[in-house]
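First comes the structure, then the notes that go with it.
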Amino acid sequence: MQRHSPHSPLLSLAGAVPAEGRDEGVAAHYGDLFREQRALADGSGFVDLSHRGVVAVTGDDRLSWLHLLLTQHVSDLPAGQATEALILSANGHIEHALSLVDDGETVWAHVEPGTQGELIAYLESMKFFYRVEVADRTDEFAVVHLPAGSTAEAPEGTVVRETAYGRDLFLPRAGLGSFAAAHGPAAGVLAYEALRVEGHRPRLGFETDHRTIPHEVGLIGTAVHLQKGCYRGQETVARVQNLGKPPRRLVFLHLDGSEVALPAHGTPLRLASDGPDGRQLGFVTTAVRHHELGPIALALVKRNVPVDAPLVAGTTAAAQETVVEP
């Protein structure tokens, strides 16, 4: 059973509109979606991601032990270097996605809201004789995102995970309010999601389902290291990499801007020439409104769909751009 994440105190900020679904617990926006997007794109403001799960791994064997379980090469991970990693099923399907960093004493990871319980249960089952301790720190620490280009300084002692698209801070949850007062304006998760879609970054549970393998969503090289073995599902990764192609591929869509509503997650994709009654070739994973590009989306389609074929998402016209090569 998924554990619900705590509701953020920043929902009390002026204009806050609560997010729904997977992102429940934080603000969808604070009254002006496009202004919030532009602020993030310009490197100002922050995003409250305090609904995400926070998992900490301590102990002398933490990196060598995680190296055996994750798709990423972490046995020699330098302190302060951010990375991404997956946990796969025995058949190579994505089960968990971790955004992590080691601070020299502890590996800190943030994960999709509500998934930390299942992740920790799996990690606990694999401890054996290794000198490691795994803890759910979600009630104590909150994730806050500073966009790329931000000049904001993290509070002293804060664990920081720095990536090409911004910095994730693991803040003491009790300090969220004072951080917001010093580093506003706040931007909601809808603005964050719009920039994520623009950047073609897949998200667990949105761009993935129960049968997604890493190749389909472009995670080879970013979250999957091909020069290591010894993790569950590695045989599937190697076989697809060396002998074949994944059955599906991630695409980026430009949607018809005249439509009022965005296609929902799971909306079928078909060839425009076949119309809404044609054979389903994929589905929309995340659709957003972008401050410059208009309505855009990520989607999964069958690998053999022509890369230049006009599509329809339900009844909405969609032009595709390649993310994962067929």
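Worth pointing out:
- In region 86-106, residue most open to solvent (accessible area, probe 1.4 Å) [restricted to those that are more than 18 Å from Leu49 (Cβ to Cβ), in a strand (DSSP E or B) and without any contact (Cβ under 8 Å) to a residue 60 or more places away in the chain]: Glu95
- Flag if Ala152 is of a type outside the set (Ser, Thr, Tyr) and assigned to a loop (DSSP other than H, G, I, E, B): yes
- Just so you know, in region 17-43 the residues that are without any contact (Cβ under 8 Å) to a residue 60 or more places away in the chain and touching a strand residue (DSSP E or B) at 6+ places or on another chain (Cβ under 8 Å) include one that is nearest to His291 (Cα to Cα), and it is Gly31.
- Scan of region 237-255 for residues that are farther than 27 Å from Gly21 by Cα and either open to solvent by 20 Å² or more (accessible area, probe 1.4 Å) or under 16 Å from the mean Cα position of the chain (by Cα) (or both), ordered by number: Ala238, Arg239, Val240, Gln241, Asn242, Leu243, Gly244, Lys245, Pro247
The rows are residues; the columns are (1) over 26 Å from Ala27 (Cα atoms); (2) open to solvent by less than 40 Å² (accessible area, probe 1.4 Å); (3) modelled with pLDDT under 95; (4) out of contact with any Asp or Glu (no Cβ under 8 Å at 6 or more places or on another chain).
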| site | (1), (2), (3), (4) |
| --- | --- |
| Trp108 | no, yes, no, no |
| Thr115 | no, yes, no, yes |
| Leu119 | no, yes, no, yes |
| Ser125 | yes, no, no, yes |
| Asp139 | no, no, no, yes |
| Val159 | no, yes, no, no |
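- Output for region 107-126, where each listed residue is touching a residue at least 24 places away in the same chain (Cβ under 8 Å) and either farther than 18 Å from Arg167 by Cβ or out of contact with any strand residue (DSSP E or B) (no Cβ under 7 Å at 6 or more places or on another chain) (or both): Glu112, Pro113, Gly114, Thr115, Gln116, Gly117, Glu118, Leu119, Ile120, Tyr122, Leu123, Met126
- Matching residues in region 73-85 - criterion: being out of contact with any Lys or Arg (no Cβ under 8 Å at 6 or more places or on another chain) and part of a loop (DSSP other than H, G, I, E, B): Val74, Ser75, Asp76, Leu77, Pro78, Ala79, Gly80, Gln81
- Among the residues making up region 161-216, those that are at positive phi and either assigned to a loop (DSSP other than H, G, I, E, B) or surrounded by fewer than 17 Cβ atoms within 10 Å (Cβ to Cβ) (or both) are His200, Gly205.
The values are calculated or read from the model by the stated rules, or taken from the named source; none is laboratory data. Just so it is clear, the model here is predicted, and its values are computed rather than measured. Note: ideal-geometry Cβ built from the backbone for every residue, glycine included; neighbour counts use all protein chains shown. Only protein heavy atoms, including side chains, enter the accessible area calculation; ligands, DNA and RNA are left aside. Shrake-Rupley method; radii C 1.70, N 1.55, O 1.52, S 1.80 Å.
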